[in-house]
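Step one of this worksheet: look at the structure below.
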Amino acid sequence: MGAGRYRGSGTDTLTSATSSVFIGYQSRAAGNSQTNQVVIAGTDGLGNGSNTTTIGNSSTTGTFIPAGNLTLTNGNFIVGTSGKGIDFSATSDGSGTMTSELLSDYEEGTFTPSYQNGITSPTYAEQNGWYTKIGRMVYFQIRLDLTAGTASAGQIQIGGLPFTSANNNSNGGGYISYSSGWVASNTAALPTMYVAPNTTRVDLYKNDATVFAGTDATGVLGYITFQGFYHT
């Protein structure tokens, strides 16, 4: 359809909606001088601007493709509303109790971890954190390198995780993948990692569930790399 007159959402008349197609009663452009758009609705479809395709209206509850695949040759699939995503309810469920089949979040990024306890006056040569969030699960990697700092008798705690952990018993954890001089002097083993509920930190423990203090490490200078995960 070429240029024409298309009624707007009020009493105004929209003009110059060139190279556009409007199907459905009172389907229209959202504003003047918009081009190359397609609006398909049973009634009252409103476009989203030039170079867009709109299917349905504000009352539409679903758009169905009865057969075949949906292919994006250029661009991304954008979830426009928080809490919405990709619904996998058509797939079979596990033997446990299924609570959700909606993939509603994905994110990658960095954060800045730091020693919150167990080491006083830390000075960092490297202070890096990376994370990937898939649904409610957060996977992270931490690399800390100290050039100065004093070990204390307090439990070593590392803060700065990018999301607050869930306030339930789905406790997270992790492991130390590499360290320089961190072997525990009194247990001959690296500490375990625990992400407690409703926190943004990692707590270090010994294998007997007692706290791993700064003074339990052979030395705290140098670098250490953690890998872990937790629920939000």
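List of remarks:
- Most mobile of Leu146, Leu161, Leu46 in a GNM of the chain (Cα contacts under 10 Å): Leu46
- Rolled with a 1.4 Å probe across the full set of protein chains, the surface gives Arg136 an accessible area near 110 Å².
- Taking chymotrypsin sites (Phe, Trp or Tyr not before Pro) in DSSP loop conformation with at most 14 other Cβ atoms inside 10 Å as exposed sites, the chain has its longest uninterrupted site-free stretch at 89-232.
- Amide H within-cut-off set for Asp105, under 5 Å, with H built and near neighbours excluded: Gly135
- Karplus (6.51, -1.76, 1.60) ³J(HN,Hα), θ = phi - 60°, over the stretch 204-214, in Hz, Gly and Pro reported as x: 9, 10, 7, 5, 8, 6, 7, 5, 9, 8, x
- Solvent-accessible area, 1.4 Å probe, carbon plus sulfur percent, for the chain: 50 percent
- Max mean-square fluctuation residue, GNM over the chain, Cα-Cα springs under 10 Å, options Ser165, Ser89, Ser152: Ser89
- Rounded accessible area per residue of the stretch 20-172, 1.4 Å, Å²: 63 Å²
- Residue among Ile142, Ile40, Ile65 with the largest mean-square fluctuation in a Gaussian network model of the chain, springs linking Cα atoms under 10 Å: Ile40
- Vicinal HN-Hα couplings computed from phi for the stretch 57-73 (Karplus, 6.51 cos²θ - 1.76 cosθ + 1.60; Hz; Gly/Pro x): 9, 5, 9, 5, 9, x, 10, 10, 10, x, 7, x, 10, 9, 10, 9, 7
The values are calculated or read from the model by the stated rules, or taken from the named source; none is laboratory data. Predicted model only: the values in this text are computed from it and were never measured. Glycine gets a Cβ as well: all are built from the backbone with ideal geometry, and neighbour counts include every protein chain shown. With ligands, DNA and RNA removed, areas are computed over all heavy atoms of the protein, side chains included. Shrake-Rupley method; radii C 1.70, N 1.55, O 1.52, S 1.80 Å.
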